[in-house]
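Data block below; observations after.
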Amino acid sequence: MDVIKKAIEQGRKMLSEHESKKLLAAYGIPVTKERLARNVGELKQAASDIGYPIVLKGHSPSLAHKTEKGLIRVDIRNEQEAIEAFNEITENVENNEKAVLVQEMIKGQRELVVGLTRDPQFGPCVMFGLGGIFTEILKDISFRVAPLEKHDALEMMREIKGHKILDAVRGMPAADIDALADILMAVGRIGLENDDVKEIDINPLILQGSKPVAVDALVVLDPNGA
Amino acid sequence: MVKLLVKDIEVSGSPLDKILNPRSIAFLGGSNSIENIGTSQLLNIIKGGYQGKVYPVHPREKEIMGLKAYLSVTDLPEPADVAVMVIPNTAVPEALEQCGKKGIRGAIIITAGYEEMGPEGRRLQDHLVQIARKHGIRFLGPNCIGIINSEIGLNTTWFAHLYKPGHVGIASQSGSYVTQTLPYFANLGLGLSKAISVGNQADIDMVDCLEYLGADPQTRAIALYIEGLKRPRQFMEVARKITPRKPVVAIYVGGTDAGRRASLSHTGSISGPDELYDGLFRQCGILRAWTLTDLFDWALALAQQPLPSNNRIIVLSNSGGPATSTADECNRQGLEVPPFDIEIQKKIRAITPLTASPKNPIDITMNYDLELIFKKLPELTLQLDQYDGMLFYGIFGPIHFEHKIKMADRSIEIPLDFFRNWMLEVCEAFVQIPEKYRKPIICSCFCGREDEAVAFLQDHGIPVYPAPERAVRAMAALWRYKQIKDNFKLSGNTR
């Protein structure tokens, strides 16, 4: 993959969120509509193409855990809010690039996590669990060794304690289990086909209605890992 | 019963064939002094029922335990099928070389002081592997306790042969669990097929053991004690071929937070070895046990009882507390204890004492009507399509009368023989029931094998555990394995 090759050539240990999502999208994983904006002109254009409300995120090739660093503004409803947010974020980003990621606002109350880790002996392993802030607090997760068959993906979804969140609950439709299974299998394939990928976080993977969308993503690289 | 003959057939073309079924054994490290651990092990081989040839090898002794001793393996009249070594680790490389020259192609290296001791030990171990490869020798260990093959009466381990032949096959990374557990197995009525201590897995590893036990006709259930697999992906491949037809229970120990790695991603930091092993076990249909008690309890039940077709269980008891404890634990373990139809309850009421509870659990309350609890009620209820198995509490065998006779000191007459014969007669009928209805029965009893009735039931295939909860968990393991089997059938085309 080009994004991986480029990052390794630049000596980076991770892909930016935008690059990470390009990788995911190449494997058919649904990701947010998004575009990079380096100045106010690009910001206005991107926002109107994507459509309000939007989310702005600080962009940097070496930025993980953006929420903790105050680099995310959500539910931006018009151009004025967008420009204010752009200025705030670019002041806080500690690099020269001064760019933000303009992203569609995904609405959904159910946040999941899908991940990949590469164990020296097990090889690439896929994780599924409750996402967002619950991932590390509850650790309600399950693992499978890649490659995953569809029944593996279905079983690992049923294994987590909070699996009922995938059912039709509180007026929300049941999750599209097939789409989720496709994502889990695709993440396994990314691990098998790209030896330089050490870890992946798709967190949160938000259910918009029944459909899962990768809202944030991080790909960690290890060029010597293979 | 099991014939103690040396087998000629090879099970699977496995490197363990010869090691588990040797026609002759060279033993290095036994003497005439019981102070050597090797002597204990050699004694087990010579006097434990093994019918093959045994060649003690010793640098000084001319005769060991009445057998001619040889100065070196090169002096043996034939290349033995396997060499067992309990000698100082400085002497192992030379001994292994000599085995190679003599044409011996299998070895069990009991000697410790290798990889488990750090980098220097690792170097010594690699050296052994080099020598073995050069001569085409396959070996178990080092740092193991050897093997048991109950089919041919062979026990190279340290504890005497208290085990009985049976259908549970064990492979363990701890030697203790295939030798120091032998009295425990005997008390539990657990019969062994093969037991293998894999030690440091320098050559033959857990994957080879699993493959062997999977193909071994005597083994009906497999128990694994794992601290770390050397080839997890091959393990998974082999396990997936076995678990659709033969149950595998595994305990994994060692995946604590110490194993976790610092990581940039949540996934990386959350994925300790314990989580990965959990996923791997589930992925290949292995039941994970969390305690050694469960590991052996479940393997025993899986080896001996038919699987329930669903999770609706009858609880039959002659005492209220155990009945309630059993039903309560059933709820926690995903088993149901549905009440009987009114018609069935009427039938139960008609044959039980006034104090009895006929709903499910059935509690007949304390009495000596052995026909009722061992024959009539199991027959009446297990034939019902709506029920899938039985948990039983209510074994009061001859031991109780023996105790009373001692106390009574002839002040009253207690007809021990009458009770004894009656008990064994009803037990004889009781042990036929699981096969008759293809439904499992699992018992609990606070008395062990000192009670003849407990021993009889255990020896005729019905597990009897010393606490109600253990019986329930074993039943739940049968039910979970049934679901695993069904899932394999459903997804047959994609596995």
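The values are calculated or read from the model by the stated rules, or taken from the named source; none is laboratory data. Given the structure is predicted, the values throughout are model-derived calculations rather than measurements. As a convention, Cβ positions derive from the backbone with ideal geometry for all residues, glycine included, and neighbour counts pool all protein chains shown. The protein model used for the area step is the full one, side chains on, heavy atoms only, and it has no ligands, DNA or RNA in it. Shrake-Rupley method; radii C 1.70, N 1.55, O 1.52, S 1.80 Å.
Selection over region A:123-141 of residues that are under 19 Å from A:ILE190 (Cβ atoms), open to solvent by less than 10 Å² (accessible area, probe 1.4 Å) and facing chain B (nearest Cβ under 7 Å) gives a count of 2. Count of region B:344-381 residues, restricted to those that are of a type outside the set (Phe, Trp, Tyr), over 18 Å from B:ALA327 (Cα atoms) and part of a loop (DSSP other than H, G, I, E, B), is 7. For region B:160-236, the strands (runs of 3 or more DSSP E) that sit wholly inside it and include 3 or more residues that are small (Gly, Ala, Ser) are B:164-172, B:191-197.
Restricting region B:270-285 to residues that are under 24 Å from the mean Cα position of the chain (by Cα), not small (Gly, Ala, Ser) and not in a loop (DSSP other than H, G, I, E, B) leaves a set whose member that is farthest from A:GLU149 (Cα to Cα) is B:ASP274.
The condition (being in contact with a Pro (Cβ under 8 Å, 6 or more places away or on another chain) and either within 14 Å of chain A (Cβ to nearest Cβ) or surrounded by 21 or more Cβ atoms within 10 Å (Cβ to Cβ) (or both)) is satisfied by just one residue among B:ILE222, B:ILE196: B:ILE222.
The residue of region A:102-122 that is farthest from A:ASP182 (Cα to Cα), among those that are of a type in the set (Val, Ile, Thr) and at the interface with another protein chain (Cβ under 9 Å from one of its Cβ atoms), is A:THR117. Among the residues of region A:142-155, those identified as at the interface with chain B (Cβ under 9 Å from one of its Cβ atoms) and closer than 15 Å to B:MET236 by Cβ are A:PHE143, A:ARG144, A:VAL145, A:LEU148, A:GLU149, A:HIS151, A:ASP152, A:GLU155. Of all residues assigned to region B:286-304, at least one qualifies as being within 25 Å of B:PHE235 (Cα to Cα), open to solvent by less than 40 Å² (accessible area, probe 1.4 Å) and in a loop (DSSP other than H, G, I, E, B). Taken together, the residues in region A:19-37 that are out of contact with any helix residue (DSSP H, G or I) (no Cβ under 9 Å at 6 or more places or on another chain) and surrounded by fewer than 21 Cβ atoms within 10 Å (Cβ to Cβ) amount to 1. Taken over region A:184-204, the criterion of being within 14 Å of another protein chain (Cβ to nearest Cβ), within 16 Å of A:ARG144 (Cβ to Cβ) and open to solvent by less than 10 Å² (accessible area, probe 1.4 Å) is satisfied by A:LEU184, A:VAL187, A:GLY188, A:ILE190, A:GLY191, A:GLU199, A:ILE200, A:ILE202. Going by what's in this entry, would A:LEU43 be described as surrounded by 21 or more Cβ atoms within 10 Å (Cβ to Cβ) and in contact (Cβ under 8 Å) with a residue 60 or more places away in the chain? No: the conditions fail for A:LEU43. The set of residues in region A:164-176 that are open to solvent by less than 60 Å² (accessible area, probe 1.4 Å) and aliphatic (A, V, I, L, M) comprises A:ILE165, A:LEU166, A:VAL169, A:MET172, A:ALA174, A:ALA175. Pairing each residue of region B:275-288 that is more than 9 Å from chain A (Cβ to nearest Cβ) with any residue that is surrounded by fewer than 21 Cβ atoms within 10 Å (Cβ to Cβ) and among the aromatic types (Phe, Trp, Tyr), provided the two are 6+ apart or on different chains, yields C-beta distances under 7 Å for B:GLY285/B:PHE488. Of the helices (runs of 4 or more DSSP H) that lie entirely inside region B:382-474, those containing 2 or more residues that are among the hydrophobic types (A, V, I, L, M, F, W, C) span B:398-408, B:416-430, B:452-459.
Residues that are small (Gly, Ala, Ser) and either in contact with a His (Cβ under 9 Å, 6 or more places away or on another chain) or part of a helix (DSSP H, G or I) (or both) within region B:131-158 comprise B:ALA132, B:SER150, B:GLY153, listed in sequence order.
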